[in-house]
1. Would you order 103, 153, 84 from fewest to most other beta-carbon atoms within 10 Å of each residue's own beta-carbon?
2. Using Cα-only point scatterers and the Debye equation, what is log10 of I(q)/I(0) for the range 13-60 at each q in 0.17, 0.24, 0.28 Å⁻¹, rounded to two decimals?
3. What shape does the range 125-210 take by its C-alpha gyration tensor, where a ≥ b ≥ c are the square roots of the eigenvalues and a/c under 1.5 counts as rounded, a/b above b/c as prolate, and the rest as oblate?
4. Which FRET efficiency value, to the nearest 0.05, is calculated for residue 161 and residue 203 with the Förster distance at 25 angstrom and r the Cβ-Cβ distance?
5. Helix 127-140 sits at what angle to the longest principal axis of the chain, using alpha carbons and giving 0 to 90 degrees rounded to 10?
6. Where is the GNM fluctuation largest for the chain (alpha-carbon springs, 10 angstrom cutoff): 44, 191, 34?
7. Once the chain is represented by equal point scatterers at the alpha-carbon sites, with solvent omitted, what log10 I(q)/I(0) does the Debye formula produce at q = 0.10, 0.11, 0.12, 0.16 Å⁻¹?
8. With the Cα gyration tensor of the range 19-91 giving a ≥ b ≥ c as the square roots of its eigenvalues, does the rule (a/c under 1.5 for rounded; else a/b larger than b/c for prolate; else oblate) give rounded, prolate or oblate?
Ligand code: ADP
Ligand code: NI
């Protein structure tokens, strides 16, 4: 039953993300599912069904890429495939609270399942893949890669609101902050390596920019 429901959720996700070129493609979702399952191995008590469903569906209601009414469509879908009311509420709680924007006040999500899916999504936003997704996103929304106002050392402590949008600005707004926001030790360990790679990339990027 649960395996079938996950399969159906996979199809639902593929329909939503089929033609995406903004950094939310099906491969992103599959990596988030795989990372979430890896992290969940450390938590025998975690509800694996809720984790897999939330990971599969997490970007189908992102208001940057799909319309808000998609949350109603998702609720209808979960009802149609007979997901229990309690699991539906938990899955929707995770999906609607896990984003970086919505968790800026630093409060932790309320369930271990939510924390695990959030960590998995954040891991895919850093490292080599995270860098690639950031430039893909910037290209998709017609933002430049960088606007060149500052050197790397001048970026320390700068008010980011004074800079126009760019992929490099996004590194400072979000990517380099993610490591310290990880909820679980396993995700933190994976994040350390990816974070080091981000810093190395930035160094090389600024060196080549001139
Ligand atoms: P997710 O929740 O999967 O991280 P987001 O919608 O936040 O999805 O972003 C998708 C990808 O694009 C991520 O890799 C993210 O870091 C990147 N991204 C988000 N906003 C911007 C931006 N303004 N400029 C460049 N990249 C961005
Ligand atoms: Ni995502």
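1. On the way: 103 15, 153 7, 84 10.
Ordered by Cβ neighbours within 10 Å, fewest first: 153, 84, 103.
2. -0.49, -0.81, -0.98
3. On the way: a/c = 1.74, a/b = 1.53, b/c = 1.14.
Prolate, because a/c is 1.5 or more and a/b exceeds b/c.
4. Values: r = 24 Å, r/R0 = 0.97.
Computed FRET efficiency for residue 161 and residue 203: 0.55.
5. Its long axis makes an angle of about 80 degrees.
6. Evaluated over the chain, the most mobile residue of the options is 44.
7. Each listed q maps to, in turn, -0.45, -0.54, -0.64, -1.08.
8. Numbers: a/c = 2.60, a/b = 1.15, b/c = 2.26.
The shape class here is oblate.
Here, each number is a calculation from the coordinates, and none is a lab measurement. Every value quoted in this text rests on a predicted model; they were computed, and no experiment measured them. When we count neighbours, we look across all protein chains shown, and the Cβ atoms used for this are built from the backbone with ideal geometry, even at glycine.
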